[in-house]
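The values are calculated or read from the model by the stated rules, or taken from the named source; none is laboratory data. Remember, predicted model here, so these are calculated numbers, not experimental data. Cβ coordinates were reconstructed from backbone atoms using ideal geometry, including for glycine residues, and neighbour counts include every protein chain displayed. Note: areas computed on protein heavy atoms with side chains; ligands, DNA, RNA excluded. Shrake-Rupley method; radii C 1.70, N 1.55, O 1.52, S 1.80 Å.
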Amino acid sequence: MIFESHAHYDDEAFDPDRRELLEECRAQGIEYIVNVSASLQSVKTTLALADSYDFIYAAAGVHPSEVGELNEESFTWLKEQCRHPRTVAVGEIGLDYYWDKENHETQKYWFQRQLELAKELELPIIVHSRDACADTLEEIKKAHTPELRGVIHCFSYAPEIAREYLDMGYYIGVGGVVTFKNAKKLKEVVKMLPPERILLETDCPYLAPVPYRGKRNSSLNLPYVAAAVAELKGMETEEVIRITNENARKLYFQGRGL
Ligand code: NI
């Protein structure tokens, strides 16, 4: 059974067939899904999904491109949503210097505030980092404690950077990009990752793996990601699915008795 560690099923791309698709996921062996929010509005829609489906859990947080909507009042509201019984992580949070929608100091400020929130509530973090390698590492090191756990989702940096995150105890999220021919760096990273630190993710509707690259993605495509990881690791696909499922349970469900 597959654990989908990062999806966006509240995205409008799923409006035409969301219920049918989610039922199909369940029928095709997707055991759990963590639906990840990116804005205050998507915290609401993510929790609505988690309230409607017993196999979907929520991550509540504000993406670096959306942090302009945060202030003390909305941050207090976000904190309440993080206490919701279906919320299993704070995310996605981080730094994005590719889209660069908010200035870097604003992004860092709200990243730190959300890191502190995760520590206070003892929730794992889901980190988004794009073209912000050095600053993300610096901000996480600033906030890091042995108790703080999390995943660096859609990992796109070099093996040496992955090593730094592994040394702090973090998981590395691997998705459809690993199936792309030109993803040399990520393939090198996957080769060096211990299997017990990998999470499978889609980031759907984005980043569909080969042979569906460019199409709407869904958790139904996760076996392609698992197979690509298995090939790089010299493992069986079923073994990758089993170990990454255990990893995700440890990260998201620790202390929840699931
Ligand atoms: Ni995402």
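Summary table below
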quantity: Condition check for Lys184: within 16 Å of the ligand (Cβ to nearest atom) and more than 19 Å from the chain's Cα centre (by Cα); calculated: no
quantity: Condition check for Asp131: acidic (Asp, Glu) and surrounded by 15 or more Cβ atoms within 10 Å (Cβ to Cβ); calculated: no
quantity: Condition met for Gln28 (touching a residue at least 60 places away in the same chain (Cβ under 8 Å) and either surrounded by fewer than 18 Cβ atoms within 10 Å (Cβ to Cβ) or over 21 Å from Ser218 (Cα atoms) (or both)); calculated: yes
quantity: Filtered residues of the range 76-85 (kept if surrounded by fewer than 17 Cβ atoms within 10 Å (Cβ to Cβ) and touching a residue at least 40 places away in the same chain (Cβ under 8 Å)); calculated: Lys79
quantity: Within the range 31-46, considering residues that are of a type in the set (A, V, I, L, M) and open to solvent by less than 10 Å² (accessible area, probe 1.4 Å), the one nearest to Glu69 (Cα to Cα); calculated: Val43
quantity: Qualifying position, being away from the ligand (no atom under 16 Å from the Cβ), closer than 24 Å to Tyr252 by Cα and surrounded by fewer than 18 Cβ atoms within 10 Å (Cβ to Cβ), among Glu120, Glu105; calculated: Glu120
quantity: Test: residue in the range 40-50 that is under 19 Å from the mean Cα position of the chain (by Cα), within 13 Å of the ligand (Cβ to nearest atom), at pLDDT 95 or above and among the small types (Gly, Ala, Ser); calculated: yes
quantity: Which listed residue, of Asp11, Asp100, is surrounded by fewer than 23 Cβ atoms within 10 Å (Cβ to Cβ) and either modelled with pLDDT of 95 or more or within 30 Å of Ala226 (Cβ to Cβ) (or both); calculated: Asp11
quantity: Ile140 vs. criteria touching a residue at least 24 places away in the same chain (Cβ under 8 Å), within 16 Å of the ligand (Cβ to nearest atom) and closer than 26 Å to Ser39 by Cβ; calculated: no
quantity: The one condition in (1) more than 13 Å from the ligand (Cβ to nearest atom); (2) more than 27 Å from Glu69 (Cα to Cα) that Phe14 fails to fulfil; calculated: (2)
quantity: Cβ pairs under 8 Å, 6+ apart, first in the range 12-23 and within 18 Å of Ala50 (Cβ to Cβ) and touching a residue at least 40 places away in the same chain (Cβ under 8 Å), second among the polar types (S, T, N, Q) and open to solvent by 100 Å² or more (accessible area, probe 1.4 Å); calculated: none
quantity: Contacts under 7 angstrom Cβ, first residue in the range 86-103 being under 29 Å from Glu147 (Cα atoms) and among the small types (Gly, Ala, Ser), partner open to solvent by less than 10 Å² (accessible area, probe 1.4 Å) and not in a strand (DSSP E or B), 6 or more apart; calculated: Ala89/Pro124; Ala89/Tyr252; Gly91/Gly61; Gly94/Pro64; Gly94/Phe111; Gly94/Thr136
quantity: Filter pass, Glu164 being closer than 19 Å to Ile2 by Cα and either free of Cβ contacts under 8 Å to residues at least 24 places away in the same chain or of a type in the set (Asp, Glu) (or both); calculated: no
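Let's see how each residue does on (1) closer than 23 Å to Val240 by Cα; (2) among the aliphatic types (A, V, I, L, M):
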{"site": "Met1", "(1), (2)": "yes, yes"}
{"site": "Glu20", "(1), (2)": "no, no"}
{"site": "Glu24", "(1), (2)": "yes, no"}
{"site": "Tyr57", "(1), (2)": "yes, no"}
{"site": "Thr76", "(1), (2)": "no, no"}
